1. Averaging the inverse of every distinct alpha carbon separation and then flipping it gives the Kirkwood radius. What is it for the stretch 26-90, in angstrom units?
2. Per-residue HN-Hα couplings for the stretch 42-54, Karplus 6.51 cos²θ - 1.76 cosθ + 1.60 at θ = phi - 60°, whole Hz, x for Gly and Pro?
3. Given Lys49/Lys99; Lys80/Lys125; Lys96/Lys125; Lys6/Lys31; Lys78/Lys121, which pairs have Cα atoms separated by over 26 Å?
4. Given a Förster distance of 25 Å, report the FRET efficiency between Lys57 and Lys121 from their Cβ-Cβ distance, rounded to the nearest 0.05.
5. Could you work out the helix-only [θ] at 222 nm for the chain, with each DSSP H run of four or more residues adding -39,500 (n - 2.57) and the total divided by the number of residues, to the nearest 500 deg cm²/dmol?
6. Scan the chain and report its longest stretch carrying no GluC sites (Glu not before Pro) that are both in a DSSP loop and have at most 12 other Cβ atoms within 10 Å.
7. Which percent of the accessible area of the stretch 1-77 is formed by carbon and sulfur heavy atoms (probe 1.4 angstrom)?
8. To the nearest 0.05, what FRET efficiency results for Asn14 and Ile38 with a Förster distance of 30 Å applied to their C-beta separation?
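The values are calculated or read from the model by the stated rules, or taken from the named source; none is laboratory data. In this text the structure is predicted, and so the values were computed from the model without any measurement. All Cβ positions, glycine included, derive from the backbone under ideal geometry; neighbour counts span all protein chains shown. We work out accessible area using only protein heavy atoms, side chains counted, and drop any ligands, DNA or RNA first. Shrake-Rupley method; radii C 1.70, N 1.55, O 1.52, S 1.80 Å.
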Amino acid sequence: MSFTGKYELQSQENFEPFMKALGLPDDQIQKGKDMKSISEIVQDGNKFKVTVTTGSKVLSNEFTIGEECEMELLTGEKAKTIVHMEGNNKLVATLKGLKSVTELNGDTITHTMTMGDLTMKRISKRI
(Lines give C-alpha, C1' and ligand atoms only; values in the text may rest on other atoms or scores of the structure.)
Protein backbone atom coordinates (compact mmCIF):
# COMPACT_ATOMS: atom_id res chain seq x y z
CA MET A 1 0.00 0.00 0.00
CA SER A 2 1.47 3.36 -1.01
CA PHE A 3 1.42 6.28 1.39
CA THR A 4 2.14 8.75 -1.46
CA GLY A 5 -0.35 11.61 -1.58
CA LYS A 6 -1.53 14.85 0.01
CA TYR A 7 -3.68 14.70 3.11
CA GLU A 8 -5.65 17.47 4.85
CA LEU A 9 -6.22 17.45 8.59
CA GLN A 10 -9.89 16.71 9.38
CA SER A 11 -9.88 16.42 13.18
CA GLN A 12 -7.59 16.15 16.18
CA GLU A 13 -7.93 15.12 19.81
CA ASN A 14 -5.88 16.41 22.79
CA PHE A 15 -3.90 18.90 20.68
CA GLU A 16 -3.55 21.62 23.34
CA PRO A 17 -2.52 19.46 26.34
CA PHE A 18 -0.11 17.46 24.17
CA MET A 19 1.58 20.56 22.72
CA LYS A 20 1.87 22.07 26.23
CA ALA A 21 3.56 18.87 27.43
CA LEU A 22 5.99 19.13 24.48
CA GLY A 23 6.88 22.62 25.64
CA LEU A 24 5.37 24.71 22.84
CA PRO A 25 4.51 28.28 23.86
CA ASP A 26 0.80 29.09 24.37
CA ASP A 27 0.70 31.59 21.49
CA GLN A 28 1.95 28.93 19.03
CA ILE A 29 -0.54 26.41 20.40
CA GLN A 30 -3.45 28.85 20.01
CA LYS A 31 -2.38 29.72 16.46
CA GLY A 32 -1.94 26.09 15.45
CA LYS A 33 -5.00 24.51 17.02
CA ASP A 34 -7.51 25.65 14.39
CA MET A 35 -5.27 25.45 11.32
CA LYS A 36 -5.87 22.70 8.80
CA SER A 37 -2.42 21.30 8.12
CA ILE A 38 -1.57 19.62 4.82
CA SER A 39 0.70 16.57 4.90
CA GLU A 40 2.42 15.49 1.71
CA ILE A 41 4.01 12.05 1.66
CA VAL A 42 6.24 10.78 -1.11
CA GLN A 43 7.09 7.08 -0.88
CA ASP A 44 9.68 5.47 -3.13
CA GLY A 45 10.01 1.86 -1.99
CA ASN A 46 11.38 2.08 1.59
CA LYS A 47 12.28 5.78 1.29
CA PHE A 48 9.88 8.43 2.52
CA LYS A 49 9.71 12.21 2.47
CA VAL A 50 7.05 13.73 4.70
CA THR A 51 6.29 17.46 4.50
CA VAL A 52 3.71 19.01 6.84
CA THR A 53 2.59 22.57 6.13
CA THR A 54 0.63 24.43 8.82
CA GLY A 55 0.06 28.04 7.83
CA SER A 56 3.55 29.39 7.08
CA LYS A 57 5.36 26.67 9.09
CA VAL A 58 6.80 23.80 7.06
CA LEU A 59 8.23 20.68 8.72
CA SER A 60 9.99 18.23 6.42
CA ASN A 61 11.60 14.89 7.28
CA GLU A 62 13.13 12.16 5.14
CA PHE A 63 13.79 8.59 6.22
CA THR A 64 14.35 5.04 5.03
CA ILE A 65 12.52 2.19 6.78
CA GLY A 66 14.84 0.39 9.22
CA GLU A 67 17.70 2.94 9.00
CA GLU A 68 18.68 5.52 11.59
CA CYS A 69 17.74 9.07 10.62
CA GLU A 70 17.48 12.50 12.19
CA MET A 71 14.01 14.02 12.41
CA GLU A 72 12.87 17.50 13.30
CA LEU A 73 10.22 17.63 16.01
CA LEU A 74 7.36 20.14 16.31
CA THR A 75 9.49 22.07 18.81
CA GLY A 76 12.28 22.52 16.25
CA GLU A 77 14.53 20.04 18.10
CA LYS A 78 16.20 17.28 16.11
CA ALA A 79 16.34 13.68 17.31
CA LYS A 80 17.66 10.40 15.95
CA THR A 81 15.25 7.53 15.42
CA ILE A 82 14.57 4.46 13.31
CA VAL A 83 11.21 4.23 11.54
CA HIS A 84 9.75 0.73 11.27
CA MET A 85 6.95 -0.53 9.02
CA GLU A 86 4.32 -2.76 10.61
CA GLY A 87 2.32 -4.69 8.03
CA ASN A 88 2.09 -2.61 4.87
CA ASN A 89 0.17 0.36 6.26
CA LYS A 90 1.73 1.46 9.57
CA LEU A 91 4.86 3.55 10.27
CA VAL A 92 6.15 3.46 13.85
CA ALA A 93 8.95 5.52 15.43
CA THR A 94 10.03 6.43 18.96
CA LEU A 95 12.05 9.57 19.58
CA LYS A 96 12.81 11.49 22.76
CA GLY A 97 10.18 9.55 24.75
CA LEU A 98 7.52 10.14 22.09
CA LYS A 99 5.94 7.23 20.20
CA SER A 100 4.58 8.09 16.76
CA VAL A 101 2.28 5.76 14.82
CA THR A 102 1.03 6.72 11.35
CA GLU A 103 -1.57 4.34 9.94
CA LEU A 104 -3.03 4.45 6.44
CA ASN A 105 -6.49 2.99 5.83
CA GLY A 106 -7.79 3.70 2.32
CA ASP A 107 -7.72 7.51 1.94
CA THR A 108 -7.44 8.21 5.69
CA ILE A 109 -4.29 8.62 7.74
CA THR A 110 -4.50 8.39 11.52
CA HIS A 111 -1.43 9.79 13.26
CA THR A 112 -1.23 8.97 16.96
CA MET A 113 1.50 10.40 19.19
CA THR A 114 1.94 9.17 22.75
CA MET A 115 4.15 10.62 25.47
CA GLY A 116 3.78 9.10 28.92
CA ASP A 117 0.03 8.82 29.56
CA LEU A 118 -0.87 11.62 27.12
CA THR A 119 -2.03 10.79 23.59
CA MET A 120 -2.80 13.08 20.66
CA LYS A 121 -4.65 11.77 17.63
CA ARG A 122 -4.87 13.51 14.24
CA ILE A 123 -7.01 12.26 11.36
CA SER A 124 -6.33 13.42 7.80
CA LYS A 125 -8.02 12.58 4.49
CA ARG A 126 -6.41 12.32 1.04
CA ILE A 127 -7.12 15.35 -1.13
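1. In the stretch 26-90 this quantity evaluates to 13.2 Å.
2. Taking θ as phi minus 60°, the curve returns 10, 10, 10, x, 8, 9, 10, 10, 10, 10, 10, 10, 10 Hz for the stretch 42-54.
3. Over 26 Å Cα-Cα: Lys80/Lys125; Lys96/Lys125.
4. The pair Lys57/Lys121 has a calculated efficiency of 0.75.
5. Only helices count here, giving -3500 deg cm²/dmol.
6. Longest gap between qualifying sites, sites excluded: 1-66.
7. 46 percent
8. Efficiency computed from Cβ-Cβ geometry: 0.90.
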